[in-house]
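The structure appears right after this line, and notes come after that.
The values are calculated or read from the model by the stated rules, or taken from the named source; none is laboratory data. This is a predicted model, so every value here is computed, not measured. Cβ sites come from the backbone with ideal geometry, for glycine too, and all protein chains shown count toward neighbours.
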Amino acid sequence: MRHVPRKRFGQNFLTDESVISAIVGAIAPQQHDLMAEIGPGLGAITRPLARRLDRLHVIEIDRDIISRLRAEFPAERVAVHEGDALEFDFSALGARLRVVGNLPYNISTPLLFHLARHADAIVDIHVMLQKEVVERMVAAPSATEYGRLSVMLQYRFEMERILEVPAAAFNPAPKVESAVVRLTPFPRLPHPARDEATLGKIVAAAFSQRRKTLRNALKGYFRAEDFERMGVDAGLRAQDLGVKDFVRLADEILKQ
């Protein structure tokens, strides 16, 4: 039966076989891998993964698609988890989890942050996102695209852009270009923060108004003499600081 894509679920289904092949090749699934696919949709990536794996877990919210998946795949080969990926406990699937998916663009950022909270249980993540989001994820300090998303993901992951995907590879075609990115959790954080919640607050505050200097953006946290003591130029903007710098600021708050 024909499925009508639902805008509220951000459904754009991948149909280009060459792109599908390239993505599966980049994932390089091995038979015994523990793997979860977010948003399997009509099964473009699900089918080649299921052929290579002993068992695949998929998380889907659309009940019509869930019915199709359960009809097509035996439960012992593809375990279908009904629900919102934003609320799914990925750690419950087990350690050394590999995550893949064509993420709904309307929830991609909160979903990335949600996956980051389960990073200790994850081996790697291969996801397709809006190209602009991927550019923000991998951006270096001082780049126009560099922002809160860059800092918070680079704190926890090594990231590599794998391939770009044209809008024509989907049905219906989205209005934006897409890209596939690989995220690999650091086995040991390069710059561990004393409190990650505090780090998140500082980064959010610093980027809340990008044109403001640190002196103004973080005036609720630091005085001029605090910046001087730390040797941080208060005239810089958030986009000029690296992950290590933000961790240093966050740790300083806990000393006050």
Filter result (in a strand (DSSP E or B) and small (Gly, Ala, Ser)) within the stretch 67-104:
Ala79, Gly101
If only one of Glu225, Glu196, Glu177 is modelled with pLDDT under 95, among the acidic types (Asp, Glu) and within 25 Å of Ala116 (Cβ to Cβ), which one is it?
Glu177
Ile65 being in the same structural domain as Gln31 (by TED's automatic domain parsing), surrounded by 19 or more Cβ atoms within 10 Å (Cβ to Cβ) and touching a residue at least 60 places away in the same chain (Cβ under 8 Å):
yes
Of all residues in the stretch 174-199, which are closer than 18 Å to Ser108 by Cβ and either small (Gly, Ala, Ser) or not in a strand (DSSP E or B) (or both)?
Pro174, Lys175, Val176, Glu177, Ser178, Ala179
Would you call Val181 buried (at least 19 other Cβ atoms within 10 Å of the Cβ), assigned by TED's automatic domain parsing to the domain that holds Val100 and of a type outside the set (D, E, K, R)?
yes
Specify which of the listed residues (Ala119, Ala95) is more than 20 Å from Ile45 (Cα to Cα) and at pLDDT below 95.
Ala95
Given (1) farther than 25 Å from Arg182 by Cβ; (2) at pLDDT 95 or above, identify the lone condition not met by Arg47.
(1)
